[in-house]
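> First the structure, which I've put down as structure tokens, then a few questions once you've had a look.
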2 protein chains.
Amino acid sequence: MTATRNATAAHLFEKHRELLARAAHACATREYFSPFPETPDRYPDSAAALARGHADYQALLGKPFELEQPGEIGRHGEEVSPYTGVPLGIDYPRADVDGLFRAARAALPAWADAEPEQRVGVCLEIVQALFAELPVLVHAVMHTAGQSYAMGYAGSGTNALDRGIEAIVYAHQAMAAVRPAARWERRFGSTTIRLQKRYRLVPRGVAVCFTCATFPTWNAYPAMMASLATGNAVIVKPHPTGILPMALAVRVARRVLAASGFGPDLVTLAVDSATEPLGKALVQHPLTAIVDFTGSARFGSWVERNAHPALCYTETSGVNTVVLESVADLDAVARSLATTMSLFSAQMCTSPQNIYVPRGGVDVGGRRAGVDEVCSALAAAFRAVTAEPNRAASILAAIQSPATLELVGSLREAGARRGALVVDSARYAHPEFAAARTATPLLLRVTPAAQDLYREERFGPVGFVIETDDAAGALRAATDDVRAAGGITAFVYSTRDDFLAAAESAYATAGAQLTCNLTGPMPLNFAASYSDYHVTGLNPAGNATLTDAAFVASRFRIAQSRRPVA
Amino acid sequence: MTATRNATAAHLFEKHRELLARAAHACATREYFSPFPETPDRYPDSAAALARGHADYQALLGKPFELEQPGEIGRHGEEVSPYTGVPLGIDYPRADVDGLFRAARAALPAWADAEPEQRVGVCLEIVQALFAELPVLVHAVMHTAGQSYAMGYAGSGTNALDRGIEAIVYAHQAMAAVRPAARWERRFGSTTIRLQKRYRLVPRGVAVCFTCATFPTWNAYPAMMASLATGNAVIVKPHPTGILPMALAVRVARRVLAASGFGPDLVTLAVDSATEPLGKALVQHPLTAIVDFTGSARFGSWVERNAHPALCYTETSGVNTVVLESVADLDAVARSLATTMSLFSAQMCTSPQNIYVPRGGVDVGGRRAGVDEVCSALAAAFRAVTAEPNRAASILAAIQSPATLELVGSLREAGARRGALVVDSARYAHPEFAAARTATPLLLRVTPAAQDLYREERFGPVGFVIETDDAAGALRAATDDVRAAGGITAFVYSTRDDFLAAAESAYATAGAQLTCNLTGPMPLNFAASYSDYHVTGLNPAGNATLTDAAFVASRFRIAQSRRPVA
């Protein structure tokens, strides 16, 4: 058994060796890379694969999800499609938590004892198997998160897999940096002591990976791969309204592990419900060694404070800010902002929310555009996104949670009372799904007196135009938002080198990743795997970066043994 | 000013480039390395330097310690020499804590903006300046910690400096792995987006470094260097009974920083007292970004639970275990154990404490030695260490704290009642310091019924011989000690390959660094910089390893900025 396992896993490393090398090169150079086709039409045997994906998804509906894993104590499922409003009717195994930990611990020794390259090979094989499963995963993401098909394919598909590969690269490098053995000698008095030393990589144990409702795979894949590659087991705890994508991913991982001769229980699913949440019990379980958390700031902060002695990697939420100082082309800037703030109805941790504009206006190629004109340009651009249903559907997609609609409603009321509506929010008619839960963006114009409205993440299609005294005040207020409420991305428009330099320094200190003067078809908040670091860890938006050395280096430890040379 | 600073710091990197390369090679190969002479007689211009060190130390006594640093609100000092019993009479600035943070923050921007290589150069210059200060530092360590001159020179001197260099190597590598800039391009639809990206290393902020009473520099140097090299400031909080070594080190660091054109307030000293401790306030200060802690398990555990959102690196305490299964030469093993358990009166985090022996005895070259015989051999070896005052003084040195003598007394009483005294503890007459606080080791023989006596760190010259059913039970009990109470080192003697393999696996999982079958002049617990990893982080003895990538990788973060290529 051991021999078979080792041979298979070694073969997998060889199979993916070139991919690993290319990905490592991209991580080092931060140049563009992806082994995957970026759009569904270039997926291998595209038409058949995409048809199969749709059929496979349909076949899942209304049935128990087949996932053979230990400790099943019942079934549960409460997902409702944001597109159809209809329950998916899928139920999943509810598991005895202690049983999941026991099973994971039973599978761990062989996984921990495998050579790092063997685990890396298996992890890359899981990534490849997830790519093969992508046609059905896209539908699973659409009908739980509410993403568009295109985003389900790219953002939750290939880009998320790239982030997984990236984590494997860093894990591989961190492990390879530790020499497995050494010979050491030194004189003590008149005697030379010669020691043979062996250094062994020891995994932490069982990791728990919490995934969020709107973008589960993008954070889950890197967290799972970082933990697995370094020898740990992973229990995946999906948001109860977004189980299916992770159930599919867990099933794929279990299949690959079993086929490679390792225990499938290295990856299991812990389903819970809104009424009977498992989160705190999982975080504080005595066998939890690592927690990866993506979700609300409120629970994320509890996790950070209570995970000890487990390691804890979080991405919670933040207020992403925009500063307009001077622009070459106001309409181009407005188009980019409107499109990005409409993308997936701003249900992304990277969506901009607060647009700061100096009261005196913005220089536009030597001319002054006042705040009114800036708001008009933004309003026109937002309306252009939503005017045409096909375009609206491809960009806005659907609203994951009914609570988001309620939030938009309450902010519309407060915003109208305390400021002005620049663009009102409304339902839009999805051309394919008549019952889709939709909302066009709400854009409010306020002053700093309404800070209580905008200095926290307002998850969903809500933006603010905030007047400040001047451009320096805009930058100060925006970076204060980041320090106080967290921030992942930031956007500055200025034709002045000195202002851009000041913005780079201010945002670097506050810890938001800055994009300057970008217009055109790339979404402003697009984060490229292998090139863009995601989350700095310097503000409350999360403590972990995708992907840096710190994301992987603590997931294993080094145990040594030394003895006299024979 | 900036130009001067950069030129000086760049020069320092060049000055130490070869040392850095040699140290990096040693970290990779784990082979023996040190740039320093290992014994005082080989110190440059030895006789004069050592005489100067003694004179410099005498000149410090009974006076205010000259340390110009901000926020002084009074003076304090309560150190008493374990060798003379006489107060040192030195007082140090008590500082307003907020003032130290303010000063550190004021000095930070220029330090953070310096090139990583500039900071590395300055850090290596600090290490070199500390080596130049070593002759007086040895006396400072002797008369606060109670170490012997030889240990003060090597363990608290050159070896500690080597651990500092090691941390600089890892910090340099972690920073160098992040590319400062990249050009990225990708097609979006029919447009190619070309972005210029810049990646900036951002330090966390202000680190607080707690140092312990018995071995302050050994943990302090790597922690300080790891934080400084990555761009942070450091406030050093020494144990109130062991301020002088750290006051000297802080003064040296401040001098080098100032001479390099940086703010000396990047390194300051926060002195407190047993009656007015500053520890909790420092850990929970809103500006504390990193905590390095060496000290008691009790406060260390509090630090780990309460440091959030600051990063936290700890070394607390543990129960270091020995398993005797079979030996080639019982007397040689007993000699090594007795010497190591006597070294600095076992006031080291690496000192063995619990010796497990199978009830049926130990195989000695085919012959069975019963537990009685093992105890006799140990007793003879312990007595040989203490029989001759010069030898006793060079090995046992002095007892740092009066509380240690009380502990030995209470364990003697409990041990005699619940087990047997193998070797009794007594004062020994130090040949040079008649008033020295000394105690020869206490060795108790007990059964597992006395687990409450031995399953915690008994800091000081106390050991236990514990009978177990068999060798497998001995290994199980010993690794259970490690899991329950922490453990840094472990020692196994066996002539059986299968037993050694089982021990390697068991201790690797428990997370204690194992030494097998070592006899001879090297202290069993000698931890070689560049070669031996210190603390695994897998058990309660601490969460940080000297030095691995995880020790440095989180001390800085990566902030990026991207903009269209002009």
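> Under 6 Å by Cβ, and 6 or more places apart or on different chains, what pairs join a residue from the range A:7-21 that is within 16 Å of A:ALA258 (Cβ to Cβ) with one that is open to solvent by 10 Å² or more (accessible area, probe 1.4 Å)?
These pairs meet every condition: A:THR8/A:GLY261; A:ALA9/A:GLN118; A:LEU12/A:GLU125.
> Can you pull out the residues in the range B:296-320 that are more than 12 Å from every other protein chain (Cβ to nearest Cβ) and either assigned to a helix (DSSP H, G or I) or more than 20 Å from B:ALA167 (Cα to Cα) (or both)?
If the condition is that a residue be more than 12 Å from every other protein chain (Cβ to nearest Cβ) and either assigned to a helix (DSSP H, G or I) or more than 20 Å from B:ALA167 (Cα to Cα) (or both), then B:SER296, B:ALA297, B:ARG298, B:PHE299, B:SER317, B:GLY318, B:VAL319, B:ASN320 are the ones that fit.
> While we're looking at this one, here's another question. Return the total of residues in the range B:513-566 being hydrophobic (A, V, I, L, M, F, W, C), within 21 Å of A:THR547 (Cβ to Cβ) and under 15 Å from the mean Cα position of the chain (by Cα).
Just the residues of the range B:513-566 that are hydrophobic (A, V, I, L, M, F, W, C), to begin with: B:514, B:516, B:518, B:522, B:524, B:526-528, B:535, B:538, B:541, B:544, B:546, B:549-553, B:556, B:558-559, B:565-566.
Add one more test, that the residue is within 21 Å of A:THR547 (Cβ to Cβ), and what stays is B:549-553, B:556, B:558-559.
Next cut, under 15 Å from the mean Cα position of the chain (by Cα) only: B:551.
Total satisfying the criteria: 1.
> Continuing with the same structure: If you check A:LEU378, A:LEU343, A:LEU324, which single one turns out to be closer than 19 Å to A:LEU500 by Cβ and crowded, with 22+ Cβ neighbours inside 10 Å? Give the steps one after another, and end with the answer.
On the way: A:LEU378 fails: closer than 19 Å to A:LEU500 by Cβ; A:LEU343 fails: closer than 19 Å to A:LEU500 by Cβ.
One residue alone meets the criteria, A:LEU324.
Conditions tested, residue by residue: (1) closer than 18 Å to A:ALA176 by Cβ; (2) within 14 Å of chain B (Cβ to nearest Cβ).
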{"position": "A:ARG17", "(1), (2)": "yes, no"}
{"position": "A:ALA26", "(1), (2)": "yes, yes"}
{"position": "A:THR29", "(1), (2)": "no, yes"}
{"position": "A:TYR43", "(1), (2)": "no, no"}
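> Restricting to the range A:387-402, what's the tally of residues that are under 12 Å from A:ALA439 (Cβ atoms) and open to solvent by 30 Å² or more (accessible area, probe 1.4 Å)?
Step one: of the range A:387-402, the residues under 12 Å from A:ALA439 (Cβ atoms) are A:392, A:396-402.
In the following step, the residues that additionally are open to solvent by 30 Å² or more (accessible area, probe 1.4 Å) were identified as A:401-402.
Total meeting the criteria: 2.
> Another question, if that's okay. Suppose we keep only residues that are in contact with a Gly (Cβ under 9 Å, 6 or more places away or on another chain) and within 25 Å of A:GLY360 (Cβ to Cβ) within the range A:488-511. Which one would you say is surrounded by the most Cβ atoms within 10 Å (Cβ to Cβ)? Steps first, answer last, please.
In the first step, residues of the range A:488-511 are kept if they are in contact with a Gly (Cβ under 9 Å, 6 or more places away or on another chain); the result is A:488-489, A:495, A:507, A:510-511.
Applying the additional criterion that residues be within 25 Å of A:GLY360 (Cβ to Cβ) yields A:495, A:507, A:510.
On the way: A:THR495: 15, A:TYR507: 30, A:ALA510: 25.
This residue is A:TYR507.
> Looking at the structure I just gave you, is B:GLY157 away from every other protein chain (no Cβ under 14 Å), farther than 22 Å from A:TYR32 by Cα, free of Cβ contacts under 8 Å to residues at least 24 places away in the same chain and within 27 Å of the chain's Cα centre (by Cα)?
Numbers: away from every other protein chain (no Cβ under 14 Å): yes; farther than 22 Å from A:TYR32 by Cα: yes; free of Cβ contacts under 8 Å to residues at least 24 places away in the same chain: no; within 27 Å of the chain's Cα centre (by Cα): yes.
So B:GLY157 fails the test.
> Kindly indicate the residue of the range A:173-190 that is out of contact with any strand residue (DSSP E or B) (no Cβ under 9 Å at 6 or more places or on another chain) and facing chain B (nearest Cβ under 7 Å) and also surrounded by the most Cβ atoms within 10 Å (Cβ to Cβ) among those meeting that condition. Show your work before the answer.
Narrowing the range A:173-190 to residues out of contact with any strand residue (DSSP E or B) (no Cβ under 9 Å at 6 or more places or on another chain): A:173, A:176-177, A:188-190.
Keeping just the survivors that are facing chain B (nearest Cβ under 7 Å) gives A:177, A:188-189.
Numbers: A:ALA177: 16, A:PHE188: 13, A:GLY189: 10.
In this case the residue turns out to be A:ALA177.
> What do you reckon, is A:GLU456 more than 24 Å from A:ASN539 (Cβ to Cβ) and open to solvent by 30 Å² or more (accessible area, probe 1.4 Å)?
Numbers: more than 24 Å from A:ASN539 (Cβ to Cβ): no; open to solvent by 30 Å² or more (accessible area, probe 1.4 Å): yes.
Judged against the criteria, A:GLU456 is not a match.
> Tell me, which residue of the range B:526-559 that is open to solvent by 10 Å² or more (accessible area, probe 1.4 Å) and among the polar types (S, T, N, Q) is nearest to the other protein chains (Cβ to nearest Cβ)?
Only one residue fits best here, namely B:SER554.
> Here is a check on your reading of the model: is B:PHE464 buried (at least 16 other Cβ atoms within 10 Å of the Cβ), under 27 Å from B:GLU504 (Cα atoms) and in contact with a Ser or Thr (Cβ under 8 Å, 6 or more places away or on another chain)? Outline the logic, then answer.
Details: buried (at least 16 other Cβ atoms within 10 Å of the Cβ): yes; under 27 Å from B:GLU504 (Cα atoms): yes; in contact with a Ser or Thr (Cβ under 8 Å, 6 or more places away or on another chain): no.
So B:PHE464 fails the test.
> Let me ask another. I'd like to check something: does the range B:32-46 contain any residue that is in contact with a His (Cβ under 6 Å, 6 or more places away or on another chain) and open to solvent by less than 50 Å² (accessible area, probe 1.4 Å)?
To start, the set of residues in the range B:32-46 that are in contact with a His (Cβ under 6 Å, 6 or more places away or on another chain) comprises none.
The answer is no, given that none of the residues of the range B:32-46 is in contact with a His (Cβ under 6 Å, 6 or more places away or on another chain) and open to solvent by less than 50 Å² (accessible area, probe 1.4 Å).
> Something else now. What are the pairs, 6+ residues apart or on separate chains, where a residue within the range B:376-387 that is in a helix (DSSP H, G or I) has its Cβ under 8 Å from a residue that is at pLDDT 95 or above and open to solvent by 60 Å² or more (accessible area, probe 1.4 Å)?
As it stands, the answer is B:ALA377/B:ASP331; B:ALA380/B:ASP331; B:ALA381/B:ASP331; B:ALA381/B:ARG335; B:ALA384/B:ARG335; B:VAL385/B:ARG391, since those pairs meet every condition given.
> Then there's this: A:ALA474 - would you say it is of a type outside the set (Asp, Glu), open to solvent by 10 Å² or more (accessible area, probe 1.4 Å) and farther than 16 Å from B:SER561 by Cα? Full working, then the answer.
Numbers: of a type outside the set (Asp, Glu): yes; open to solvent by 10 Å² or more (accessible area, probe 1.4 Å): no; farther than 16 Å from B:SER561 by Cα: yes.
Taking the combined requirement at face value, the residue does not satisfy it.
> Does the range A:423-436 include one or more residues that are in a strand (DSSP E or B) and closer than 21 Å to A:THR339 by Cβ? It would help to see each step written out before you state the result.
Step one: filter the range A:423-436 for residues in a strand (DSSP E or B), giving A:423.
Subsequent filtering for residues that are closer than 21 Å to A:THR339 by Cβ retains A:423.
Looking for residues that are in a strand (DSSP E or B) and closer than 21 Å to A:THR339 by Cβ, one finds at least one in the range A:423-436, hence yes.
> Give, as residue ranges, the strands (runs of 3 or more DSSP E) completely inside the range A:450-566 that count at least 2 residues that are modelled with pLDDT under 95. Write out each step before concluding.
On the way: elements: A:462-468, A:489-493, A:513-516, A:556-564.
Because the criterion is at least 2 residues that are modelled with pLDDT under 95, no strands (runs of 3 or more DSSP E) in the range A:450-566 meet it.
> Right, another one. Could you go through the range A:338-353 and let me know if any residue there is more than 30 Å from A:HIS430 (Cα to Cα) and outside any strand (DSSP E or B). Spell out how you get there, then give the answer.
Going through the range A:338-353, the residues more than 30 Å from A:HIS430 (Cα to Cα) turn out to be none.
No, because not a single residue in the range A:338-353 is more than 30 Å from A:HIS430 (Cα to Cα) and outside any strand (DSSP E or B).
> Here's another thing I want to ask about it. So in the range B:277-295, with the set limited to residues that are assigned to a strand (DSSP E or B) and more than 14 Å from chain A (Cβ to nearest Cβ), which one is surrounded by the most Cβ atoms within 10 Å (Cβ to Cβ)?
First, pick out the residues of the range B:277-295 that are assigned to a strand (DSSP E or B): B:288-294.
In the following step, the residues that additionally are more than 14 Å from chain A (Cβ to nearest Cβ) were identified as B:288, B:292, B:294.
Numbers: B:THR288: 23, B:ASP292: 28, B:THR294: 26.
The selected residue is B:ASP292.
> Confirm whether A:GLY318 is within 22 Å of A:GLU467 (Cα to Cα) and surrounded by fewer than 23 Cβ atoms within 10 Å (Cβ to Cβ). Lay out the reasoning, then the answer.
Numbers: within 22 Å of A:GLU467 (Cα to Cα): yes; surrounded by fewer than 23 Cβ atoms within 10 Å (Cβ to Cβ): no.
It is false that A:GLY318 is within 22 Å of A:GLU467 (Cα to Cα) and surrounded by fewer than 23 Cβ atoms within 10 Å (Cβ to Cβ).
> Of everything in the range A:248-261, what is open to solvent by 10 Å² or more (accessible area, probe 1.4 Å) and assigned to a loop (DSSP other than H, G, I, E, B)? Give them in sequence order.
A:GLY261
> Same structure again: So, in the range A:499-525, how many residues would count as being touching a residue at least 40 places away in the same chain (Cβ under 8 Å) and closer than 25 Å to A:ALA167 by Cβ?
The qualifying residues number 4.
> Open to solvent by 40 Å² or more (accessible area, probe 1.4 Å) and free of Cβ contacts under 8 Å to residues at least 12 places away in the same chain: is that true of B:ARG335 in this structure? I'd like the intermediate steps shown before the answer.
Values: open to solvent by 40 Å² or more (accessible area, probe 1.4 Å): yes; free of Cβ contacts under 8 Å to residues at least 12 places away in the same chain: no.
The answer is no for B:ARG335.
> Something else now. Just give me the residues in the range A:62-87 being exposed (fewer than 13 other Cβ atoms within 10 Å of the Cβ), within 24 Å of A:ALA106 (Cα to Cα) and not acidic (Asp, Glu), in sequence order.
Those that are exposed (fewer than 13 other Cβ atoms within 10 Å of the Cβ), within 24 Å of A:ALA106 (Cα to Cα) and not acidic (Asp, Glu): A:ILE73, A:GLY74.
> What number goes with the only condition from (1) away from every other protein chain (no Cβ under 14 Å); (2) aromatic (Phe, Trp, Tyr); (3) farther than 18 Å from B:THR340 by Cβ that B:PHE459 does not pass?
(3)
The values are calculated or read from the model by the stated rules, or taken from the named source; none is laboratory data. Since this is a predicted model, take the numbers as computed values, not measurements. Counting neighbours? That spans all protein chains shown, and the Cβs are built from the backbone with ideal geometry, glycine included. To get the accessible areas, we keep the full protein, side chains included, count just its heavy atoms, and leave off ligands, DNA and RNA. Shrake-Rupley method; radii C 1.70, N 1.55, O 1.52, S 1.80 Å.
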